[in-house]
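K.L.:
Sending over a structure as C-alpha coordinates; questions will come in a sec.
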Amino acid sequence: MGLINILLKCAGVFVNHERLRFFYSIIFEMKTILKFLYIFITMLFFRFTLSAQQADTTASGNTHFKLGIFYNSNLHYYGRTDSLRSSGVFPLAELWFNKNLYISGAPIFVNNNVDNFQYAGSVVTLGYQAKSKNENFLTNLYITKPLYKDNSKLVQSALKAQGGAGFSWLNKAININAGGDIKISDKVDYGISAGLDHLFRIDLPEEFIIAIDPSFTMSAGTQQFTKTYYKKSNFLLFPGIDQQVTNDVSKLNILAYEFSMPVVIAKNKLQIILNPAYVIPQNLITVENRPDLSERGQDMFYITAGLKITF
(Lines give C-alpha, C1' and ligand atoms only; values in the text may rest on other atoms or scores of the structure.)
Protein backbone atom coordinates (compact mmCIF):
# COMPACT_ATOMS: atom_id res chain seq x y z
CA MET A 1 0.00 0.00 0.00
CA GLY A 2 2.97 2.33 0.45
CA LEU A 3 3.53 2.71 -3.28
CA ILE A 4 -0.14 3.40 -3.91
CA ASN A 5 -0.12 6.10 -1.27
CA ILE A 6 2.81 7.79 -3.01
CA LEU A 7 0.85 7.70 -6.09
CA LEU A 8 -3.93 9.89 -3.67
CA LYS A 9 -14.19 18.29 -5.00
CA CYS A 10 -17.27 19.31 -4.61
CA ALA A 11 -19.09 22.20 -6.31
CA GLY A 12 -22.89 22.55 -6.14
CA VAL A 13 -24.86 24.38 -8.83
CA PHE A 14 -28.58 24.71 -8.08
CA VAL A 15 -30.60 22.98 -5.38
CA ASN A 16 -33.48 22.16 -7.72
CA HIS A 17 -31.08 20.26 -10.02
CA GLU A 18 -29.89 17.91 -7.26
CA ARG A 19 -31.52 14.79 -8.70
CA LEU A 20 -30.27 15.57 -12.21
CA ARG A 21 -26.72 16.03 -10.96
CA PHE A 22 -26.96 12.76 -9.05
CA PHE A 23 -28.19 10.98 -12.20
CA TYR A 24 -25.32 12.41 -14.25
CA SER A 25 -22.78 11.43 -11.59
CA ILE A 26 -24.01 7.83 -11.75
CA ILE A 27 -23.59 7.83 -15.54
CA PHE A 28 -20.05 9.21 -15.22
CA GLU A 29 -19.11 6.60 -12.62
CA MET A 30 -20.54 3.76 -14.77
CA LYS A 31 -18.48 4.96 -17.74
CA THR A 32 -15.41 5.12 -15.51
CA ILE A 33 -15.94 1.56 -14.27
CA LEU A 34 -16.40 0.27 -17.84
CA LYS A 35 -13.17 1.96 -18.93
CA PHE A 36 -11.52 0.62 -15.77
CA LEU A 37 -12.46 -2.93 -16.81
CA TYR A 38 -11.38 -2.31 -20.41
CA ILE A 39 -7.92 -1.17 -19.31
CA PHE A 40 -7.54 -4.12 -16.94
CA ILE A 41 -8.49 -6.64 -19.66
CA THR A 42 -5.99 -4.98 -22.01
CA MET A 43 -3.30 -5.22 -19.33
CA LEU A 44 -4.09 -8.88 -18.75
CA PHE A 45 -3.72 -9.53 -22.48
CA PHE A 46 -0.36 -7.76 -22.40
CA ARG A 47 0.66 -9.81 -19.37
CA PHE A 48 0.03 -13.16 -21.05
CA THR A 49 1.62 -12.02 -24.34
CA LEU A 50 4.74 -10.86 -22.53
CA SER A 51 4.97 -13.95 -20.34
CA ALA A 52 4.97 -16.12 -23.46
CA GLN A 53 8.15 -14.31 -24.53
CA GLN A 54 9.84 -14.73 -21.14
CA ALA A 55 9.94 -18.47 -20.61
CA ASP A 56 13.46 -18.22 -19.25
CA THR A 57 12.92 -15.37 -16.76
CA THR A 58 13.45 -17.69 -13.76
CA ALA A 59 17.10 -17.86 -14.73
CA SER A 60 17.46 -14.09 -14.37
CA GLY A 61 17.01 -14.07 -10.61
CA ASN A 62 14.30 -12.14 -8.82
CA THR A 63 13.40 -9.79 -11.67
CA HIS A 64 9.63 -9.66 -12.02
CA PHE A 65 6.87 -7.46 -13.31
CA LYS A 66 3.61 -6.27 -11.74
CA LEU A 67 0.55 -4.79 -13.37
CA GLY A 68 -2.41 -3.27 -11.62
CA ILE A 69 -5.24 -0.83 -11.92
CA PHE A 70 -6.76 1.26 -9.14
CA TYR A 71 -9.74 3.52 -8.53
CA ASN A 72 -9.81 6.39 -6.02
CA SER A 73 -13.23 7.80 -5.11
CA ASN A 74 -11.99 11.24 -4.03
CA LEU A 75 -8.63 12.64 -5.13
CA HIS A 76 -7.07 14.92 -2.54
CA TYR A 77 -3.78 16.15 -1.11
CA TYR A 78 -3.79 15.79 2.69
CA GLY A 79 -7.55 16.44 2.58
CA ARG A 80 -7.14 19.44 0.29
CA THR A 81 -9.12 19.48 -2.94
CA ASP A 82 -9.89 21.77 -5.84
CA SER A 83 -13.37 23.14 -6.60
CA LEU A 84 -14.53 19.87 -8.20
CA ARG A 85 -15.26 16.50 -6.69
CA SER A 86 -12.96 14.26 -8.71
CA SER A 87 -12.43 10.54 -8.72
CA GLY A 88 -9.46 8.93 -10.44
CA VAL A 89 -8.35 5.79 -12.21
CA PHE A 90 -4.67 4.93 -12.52
CA PRO A 91 -3.15 1.86 -14.18
CA LEU A 92 0.10 0.89 -12.47
CA ALA A 93 3.15 -0.90 -13.89
CA GLU A 94 6.06 -1.96 -11.65
CA LEU A 95 9.37 -3.47 -12.71
CA TRP A 96 11.27 -5.09 -9.84
CA PHE A 97 14.95 -5.62 -10.62
CA ASN A 98 15.29 -7.73 -7.47
CA LYS A 99 13.39 -8.07 -4.19
CA ASN A 100 14.44 -4.55 -3.15
CA LEU A 101 14.79 -2.21 -6.14
CA TYR A 102 11.90 -1.19 -8.39
CA ILE A 103 10.67 1.44 -10.81
CA SER A 104 7.00 2.18 -11.43
CA GLY A 105 4.82 4.32 -13.64
CA ALA A 106 1.18 5.33 -13.27
CA PRO A 107 -0.88 7.51 -15.64
CA ILE A 108 -3.74 9.32 -13.86
CA PHE A 109 -7.21 9.71 -15.39
CA VAL A 110 -9.59 12.15 -13.68
CA ASN A 111 -13.38 11.99 -13.70
CA ASN A 112 -15.75 14.73 -12.47
CA ASN A 113 -18.70 16.81 -13.64
CA VAL A 114 -16.45 18.71 -16.08
CA ASP A 115 -13.88 16.16 -17.23
CA ASN A 116 -15.01 12.65 -18.14
CA PHE A 117 -12.06 10.30 -17.72
CA GLN A 118 -9.48 12.87 -18.81
CA TYR A 119 -5.73 12.22 -18.70
CA ALA A 120 -4.18 14.53 -16.06
CA GLY A 121 -0.58 13.33 -16.03
CA SER A 122 1.69 10.51 -14.90
CA VAL A 123 3.84 9.69 -11.88
CA VAL A 124 7.17 7.82 -12.15
CA THR A 125 8.77 6.40 -9.00
CA LEU A 126 12.16 4.83 -8.33
CA GLY A 127 12.16 3.02 -5.01
CA TYR A 128 14.08 0.74 -2.68
CA GLN A 129 12.54 -1.47 0.02
CA ALA A 130 14.42 -3.73 2.43
CA LYS A 131 13.86 -5.65 5.65
CA SER A 132 16.46 -6.29 8.31
CA LYS A 133 17.76 -9.84 8.73
CA ASN A 134 15.49 -10.44 11.70
CA GLU A 135 12.62 -8.82 9.72
CA ASN A 136 11.85 -6.40 12.55
CA PHE A 137 12.71 -3.24 10.59
CA LEU A 138 11.49 -2.12 7.18
CA THR A 139 13.11 0.65 5.13
CA ASN A 140 11.50 2.37 2.16
CA LEU A 141 13.37 4.94 0.04
CA TYR A 142 11.87 6.60 -3.03
CA ILE A 143 12.20 9.39 -5.59
CA THR A 144 9.04 10.47 -7.43
CA LYS A 145 8.78 12.56 -10.59
CA PRO A 146 5.25 13.79 -11.45
CA LEU A 147 4.57 14.58 -15.10
CA TYR A 148 1.35 16.59 -14.93
CA LYS A 149 -0.25 18.35 -17.88
CA ASP A 150 0.17 22.13 -17.92
CA ASN A 151 -3.58 22.64 -17.48
CA SER A 152 -4.01 19.96 -14.82
CA LYS A 153 -6.52 20.95 -12.14
CA LEU A 154 -5.20 18.57 -9.48
CA VAL A 155 -4.22 20.26 -6.22
CA GLN A 156 -0.83 18.54 -6.24
CA SER A 157 -0.08 19.43 -9.88
CA ALA A 158 2.41 22.13 -8.77
CA LEU A 159 4.68 19.36 -7.44
CA LYS A 160 7.78 18.92 -9.64
CA ALA A 161 9.64 16.22 -7.70
CA GLN A 162 9.60 14.45 -4.35
CA GLY A 163 12.00 12.25 -2.45
CA GLY A 164 11.52 10.56 0.86
CA ALA A 165 12.28 7.78 3.30
CA GLY A 166 10.07 5.68 5.54
CA PHE A 167 10.97 3.38 8.40
CA SER A 168 8.86 0.83 10.26
CA TRP A 169 9.51 -1.12 13.44
CA LEU A 170 7.56 -4.36 13.08
CA ASN A 171 6.42 -6.42 16.04
CA LYS A 172 3.49 -8.60 17.07
CA ALA A 173 1.79 -5.95 19.19
CA ILE A 174 1.83 -2.86 16.99
CA ASN A 175 3.94 -1.51 14.13
CA ILE A 176 5.47 1.95 14.54
CA ASN A 177 6.07 3.99 11.39
CA ALA A 178 7.96 7.22 10.73
CA GLY A 179 9.07 9.02 7.61
CA GLY A 180 10.21 12.24 6.02
CA ASP A 181 10.21 13.77 2.55
CA ILE A 182 11.30 16.75 0.47
CA LYS A 183 8.83 18.25 -2.02
CA ILE A 184 10.07 20.51 -4.81
CA SER A 185 7.73 22.91 -6.59
CA ASP A 186 8.37 26.63 -7.05
CA LYS A 187 9.71 26.38 -3.50
CA VAL A 188 11.03 23.57 -1.33
CA ASP A 189 8.84 22.02 1.37
CA TYR A 190 9.67 19.40 3.98
CA GLY A 191 7.34 16.80 5.42
CA ILE A 192 7.33 14.29 8.26
CA SER A 193 4.89 11.56 9.21
CA ALA A 194 4.29 9.18 12.09
CA GLY A 195 1.82 6.36 12.43
CA LEU A 196 0.72 3.10 13.98
CA ASP A 197 -0.76 -0.05 12.48
CA HIS A 198 -1.45 -3.68 13.33
CA LEU A 199 -1.56 -6.40 10.68
CA PHE A 200 -4.03 -9.27 10.87
CA ARG A 201 -3.46 -12.24 8.55
CA ILE A 202 -6.09 -14.89 7.86
CA ASP A 203 -5.16 -18.06 5.95
CA LEU A 204 -8.09 -19.65 4.15
CA PRO A 205 -8.52 -22.87 2.15
CA GLU A 206 -7.49 -22.99 -1.52
CA GLU A 207 -4.41 -20.85 -0.74
CA PHE A 208 -6.45 -17.68 -0.18
CA ILE A 209 -4.93 -15.14 2.21
CA ILE A 210 -6.66 -12.10 3.70
CA ALA A 211 -4.60 -9.30 5.27
CA ILE A 212 -6.26 -6.48 7.25
CA ASP A 213 -4.15 -3.57 8.46
CA PRO A 214 -5.98 -0.87 10.48
CA SER A 215 -3.74 2.20 10.52
CA PHE A 216 -3.42 5.73 11.84
CA THR A 217 -1.10 8.35 10.31
CA MET A 218 -0.28 11.92 11.28
CA SER A 219 1.28 14.02 8.50
CA ALA A 220 3.05 17.33 8.96
CA GLY A 221 4.91 19.64 6.62
CA THR A 222 6.08 23.15 5.96
CA GLN A 223 3.60 25.70 4.67
CA GLN A 224 4.53 28.85 2.77
CA PHE A 225 3.06 32.19 3.86
CA THR A 226 3.48 35.81 2.83
CA LYS A 227 3.75 38.05 5.89
CA THR A 228 3.13 41.78 5.50
CA TYR A 229 3.74 44.37 8.21
CA TYR A 230 4.61 48.06 8.60
CA LYS A 231 7.99 49.23 9.88
CA LYS A 232 8.78 52.78 11.00
CA SER A 233 12.07 54.06 9.61
CA ASN A 234 13.87 56.93 11.33
CA PHE A 235 16.63 59.07 9.86
CA LEU A 236 18.60 61.19 12.31
CA LEU A 237 16.16 63.72 13.86
CA PHE A 238 13.56 63.50 11.10
CA PRO A 239 10.19 61.91 11.94
CA GLY A 240 9.81 58.24 10.99
CA ILE A 241 7.96 57.01 7.93
CA ASP A 242 5.85 53.85 7.91
CA GLN A 243 7.07 51.45 5.23
CA GLN A 244 5.31 48.26 4.16
CA VAL A 245 7.51 45.17 4.43
CA THR A 246 6.59 41.80 2.91
CA ASN A 247 8.48 38.60 3.77
CA ASP A 248 8.06 34.98 2.81
CA VAL A 249 7.56 32.76 5.85
CA SER A 250 7.80 28.98 6.11
CA LYS A 251 6.22 27.18 9.07
CA LEU A 252 5.99 23.50 10.02
CA ASN A 253 2.38 22.51 10.75
CA ILE A 254 0.31 19.37 11.06
CA LEU A 255 -1.38 18.86 7.68
CA ALA A 256 -3.74 15.94 8.30
CA TYR A 257 -4.77 12.98 10.41
CA GLU A 258 -5.83 9.85 8.57
CA PHE A 259 -7.47 6.59 9.63
CA SER A 260 -7.44 3.73 7.13
CA MET A 261 -8.05 -0.01 6.95
CA PRO A 262 -6.31 -1.62 3.96
CA VAL A 263 -7.65 -5.06 3.08
CA VAL A 264 -5.76 -7.36 0.70
CA ILE A 265 -7.17 -10.62 -0.62
CA ALA A 266 -4.43 -12.67 -2.28
CA LYS A 267 -4.29 -15.97 -4.15
CA ASN A 268 -1.06 -17.01 -5.82
CA LYS A 269 0.04 -13.97 -7.89
CA LEU A 270 -3.25 -12.08 -7.84
CA GLN A 271 -4.17 -9.43 -5.25
CA ILE A 272 -7.46 -7.63 -4.70
CA ILE A 273 -6.93 -4.44 -2.70
CA LEU A 274 -9.52 -2.32 -0.87
CA ASN A 275 -8.53 0.63 1.30
CA PRO A 276 -11.29 2.69 2.96
CA ALA A 277 -9.91 5.79 4.66
CA TYR A 278 -11.02 8.92 6.52
CA VAL A 279 -8.83 12.03 6.35
CA ILE A 280 -9.06 15.09 8.61
CA PRO A 281 -7.15 18.08 7.15
CA GLN A 282 -5.50 20.52 9.54
CA ASN A 283 -4.24 24.12 9.30
CA LEU A 284 -5.87 25.03 6.01
CA ILE A 285 -4.43 28.27 4.65
CA THR A 286 -7.10 30.95 4.26
CA VAL A 287 -6.76 34.44 2.82
CA GLU A 288 -9.47 36.89 3.85
CA ASN A 289 -11.77 37.79 0.95
CA ARG A 290 -9.60 35.74 -1.42
CA PRO A 291 -11.10 32.25 -1.83
CA ASP A 292 -8.95 31.78 -4.95
CA LEU A 293 -5.85 31.96 -2.76
CA SER A 294 -7.30 29.87 0.09
CA GLU A 295 -7.04 26.11 0.49
CA ARG A 296 -10.22 24.06 0.17
CA GLY A 297 -10.54 21.05 2.42
CA GLN A 298 -12.85 19.15 4.71
CA ASP A 299 -13.07 15.89 6.60
CA MET A 300 -13.74 13.23 3.99
CA PHE A 301 -14.19 9.52 3.50
CA TYR A 302 -12.73 7.92 0.39
CA ILE A 303 -11.94 4.48 -0.97
CA THR A 304 -9.05 3.18 -3.04
CA ALA A 305 -9.73 -0.16 -4.73
CA GLY A 306 -7.88 -2.18 -7.31
CA LEU A 307 -6.30 -5.33 -8.63
CA LYS A 308 -2.64 -6.28 -9.01
CA ILE A 309 -1.01 -9.28 -10.68
CA THR A 310 2.62 -10.45 -10.51
CA PHE A 311 4.46 -12.41 -13.17
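K.L.:
Does Ser215 fit the bill of being closer than 30 Å to Phe301 by Cα, surrounded by 10 or more Cβ atoms within 10 Å (Cβ to Cβ) and at pLDDT below 90?
P.N.:
no
K.L.:
Restricted to segment 84-117, and to residues that are within 30 Å of Thr139 (Cβ to Cβ) and hydroxyl-bearing (Ser, Thr, Tyr), which residue is nearest to the chain's Cα centre (by Cα)? Steps first, answer last, please.
P.N.:
Keep residues of segment 84-117 that are within 30 Å of Thr139 (Cβ to Cβ), which gives 88, 90-108.
Keeping just the survivors that are hydroxyl-bearing (Ser, Thr, Tyr) gives 102, 104.
Values: Tyr102: 18, Ser104: 14 Å.
Result: Ser104.
K.L.:
Quick one: how many residues across segment 248-268 are more than 20 Å from Phe70 (Cα to Cα), surrounded by fewer than 16 Cβ atoms within 10 Å (Cβ to Cβ) and of a type in the set (A, V, I, L, M, F, W, C)?
P.N.:
3
K.L.:
In this structure, does Leu196 turn out to be modelled with pLDDT of 95 or more and either in a strand (DSSP E or B) or of a type in the set (Phe, Trp, Tyr) (or both)?
P.N.:
Numbers: modelled with pLDDT of 95 or more: yes; either in a strand (DSSP E or B) or of a type in the set (Phe, Trp, Tyr) (or both): yes.
In short, yes.
K.L.:
Let me ask something additional. Does any residue in segment 88-106 that is farther than 14 Å from Val124 by Cα come within less than 8 Å, Cβ to Cβ, of a residue that is outside any strand (DSSP E or B) and of a type in the set (Lys, Arg) six or more places away or on a different chain, and which pairs are these?
P.N.:
Every condition considered, the pairs that remain are Val89/Lys35.
K.L.:
If I filter segment 86-105 down to residues being touching an Asp or Glu at 6+ places or on another chain (Cβ under 9 Å) and not hydroxyl-bearing (Ser, Thr, Tyr), which single residue comes out as nearest to Leu274 (Cα to Cα)?
P.N.:
Among them, the one singled out is Gly105.
Residues are listed down the side, and each one gets a yes or a no for (1) modelled with pLDDT under 90; (2) aliphatic (A, V, I, L, M):
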| residue | (1), (2) |
| --- | --- |
| Asn72 | no, no |
| Ser83 | yes, no |
| Phe97 | no, no |
| Tyr102 | no, no |
| Val124 | no, yes |
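K.L.:
May I pose another question? Working only within segment 270-311, note down all residues that are surrounded by fewer than 14 Cβ atoms within 10 Å (Cβ to Cβ) and closer than 11 Å to Tyr78 by Cα.
P.N.:
Hits for segment 270-311 are Gln298, Asp299.
K.L.:
If you scan segment 129-146, which residues turn out to be under 18 Å from the mean Cα position of the chain (by Cα) and either hydroxyl-bearing (Ser, Thr, Tyr) or exposed (fewer than 14 other Cβ atoms within 10 Å of the Cβ) (or both)?
P.N.:
If the condition is that a residue be under 18 Å from the mean Cα position of the chain (by Cα) and either hydroxyl-bearing (Ser, Thr, Tyr) or exposed (fewer than 14 other Cβ atoms within 10 Å of the Cβ) (or both), then Tyr142, Thr144 are the ones that fit.
K.L.:
Does Asn171 qualify as being in contact with a Phe, Trp or Tyr (Cβ under 7 Å, 6 or more places away or on another chain) and in a loop (DSSP other than H, G, I, E, B)?
P.N.:
Judged against the criteria, Asn171 is not a match.
The values are calculated or read from the model by the stated rules, or taken from the named source; none is laboratory data. Given the structure is predicted, the values throughout are model-derived calculations rather than measurements. Every residue, glycine among them, receives a Cβ derived from its backbone with ideal geometry; neighbour counts consider all protein chains shown.
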